[in-house]
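Below is one structure, written out as structure tokens, with a few remarks after it.
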Amino acid sequence: MKSTIPGGFLVAGLLAALPAWAAEEMPEREQAAKEAASALMKELGGELKQAMKEGGPPEAVKVCTQKAPRITARLSRERGWQVTRVSNDFRNPLLGMPDPWEQEVLKEFESRAEEGESLKGMGYGEVVNEPEGKFYRYMQAIPTQEMCVACHGPEDQLDPTVRETLQERYPHDRATGFQPGDLRGAFSIKQPVEE
Ligand code: HEC
């Protein structure tokens, strides 16, 4: 992706300015970020599936509301990175709202999907120069699965109890109307790059 980053620098120029060791380290960082995102996806998916089986969507709401932020917070502490879930159509504005870099990458994921690339394993990482310093940033696409539409599908198809709960808790909800196979959002990982 050829993107202008918040600082206004061109990414290619930034990479050229990095010391050689830092550039060499990126494939390793990408691999580690990819693995963390996949582990997160698996853990969340498993928790959701079980909650859906045991108590249906009303029970599973708790997984997406309470467990997901807890799991991302734990991963952040363990790894020393910032790990979040974001979407251009977010449900929770506090936790799910993407920053400008994330918005661009999400749009790029949409175009890559439109061109026929599978969302499974779709990711993107680069070094970004921000006012606070240099960061390695990585995002991994989250595809909408069959079980997600119970809470992220078209509003008129949601179970009435779920719809009510969502309307009560998230009056500014934008995360409905998804179909299986749509891009639901992405895991976003940010780590400082020390010089
Ligand atoms: C039982 C209801 C429910 C199901 C099923 C569900 N979600 Fe969610 N989802 C929520 C709720 C509630 C939130 C808001 C969580 C919060 O407050 O941070 C959310 C938030 C998210 C977010 C964070 C971005 C945002 O919109 O705020 C992503 C990404 C997400 N869900 C993906 C999925 C995926 C992928 C699936 C299927 C594997 C799924 N969800 C299934 C209820 C659900």
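The values are calculated or read from the model by the stated rules, or taken from the named source; none is laboratory data. Note that this is a predicted model, so its numbers are computed, not measured. Glycine also receives a Cβ, built like all others from the backbone with ideal geometry; neighbour counts cover every protein chain displayed.
What about ALA60, is it more than 13 Å from the ligand (Cβ to nearest atom) and either in contact with a Lys or Arg (Cβ under 6 Å, 6 or more places away or on another chain) or aliphatic (A, V, I, L, M) (or both)?
No: the conditions fail for ALA60.
Among the residues of the range 156-195, count how many are more than 25 Å from ILE71 (Cβ to Cβ), more than 21 Å from the chain's Cα centre (by Cα) and in a loop (DSSP other than H, G, I, E, B).
The number of residues fulfilling the criteria is 3.
When GLN103 is evaluated against the numbered criteria (1) surrounded by fewer than 16 Cβ atoms within 10 Å (Cβ to Cβ); (2) outside any helix (DSSP H, G or I); (3) in contact with a strand residue (DSSP E or B) (Cβ under 9 Å, 6 or more places away or on another chain), which criterion, by number, is the only one it fails?
That leaves (2) as the condition not met.
The rows are residues; the columns are (1) outside any helix (DSSP H, G or I); (2) at pLDDT below 90; (3) aromatic (Phe, Trp, Tyr).
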| position | (1), (2), (3) |
| --- | --- |
| LYS2 | yes, yes, no |
| ALA23 | no, yes, no |
| PRO27 | no, yes, no |
| ALA37 | no, no, no |
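List pairs: first in the range 68-93 and free of Cβ contacts under 8 Å to residues at least 24 places away in the same chain, second more than 7 Å from the ligand (Cβ to nearest atom), Cβ under 6 Å, 6+ apart or cross-chain?
SER76/GLN82; SER76/VAL83
How many of the residues making up the range 106-130 are in contact with a strand residue (DSSP E or B) (Cβ under 8 Å, 6 or more places away or on another chain), more than 18 Å from GLN179 (Cα to Cα) and among the acidic types (Asp, Glu)?
Within the range 106-130, residues that are in contact with a strand residue (DSSP E or B) (Cβ under 8 Å, 6 or more places away or on another chain), more than 18 Å from GLN179 (Cα to Cα) and among the acidic types (Asp, Glu) number 2.
Would you check which residues across the range 100-120 are in contact (Cβ under 8 Å) with a residue 40 or more places away in the chain and of a type outside the set (Val, Ile, Thr) and list them?
Listed by number, the residues that qualify are PRO100, TRP101, GLU102, GLU104, LEU106, GLU108, PHE109, GLU110, ALA113, LEU119.
Might you let me know whether the range 108-124 holds any residue that is within 16 Å of the ligand (Cβ to nearest atom), part of a helix (DSSP H, G or I) and not aromatic (Phe, Trp, Tyr)?
yes
I need every pair where a residue in the range 127-154 that is assigned to a loop (DSSP other than H, G, I, E, B) has its Cβ under 6 Å from the Cβ of a residue that is among the small types (Gly, Ala, Ser), sequence separation at least 6 or different chains.
Correct list of pairs: PRO154/GLY177.
In the range 106-125, which residues are at pLDDT below 95 and either surrounded by fewer than 12 Cβ atoms within 10 Å (Cβ to Cβ) or charged (D, E, K, R) (or both)?
Correct list: LYS120 only.
Filter the range 155-176 down to the residues that are in contact (Cβ under 8 Å) with a residue 12 or more places away in the chain and among the polar types (S, T, N, Q), then identify the one that is farthest from GLY56 (Cα to Cα).
THR176
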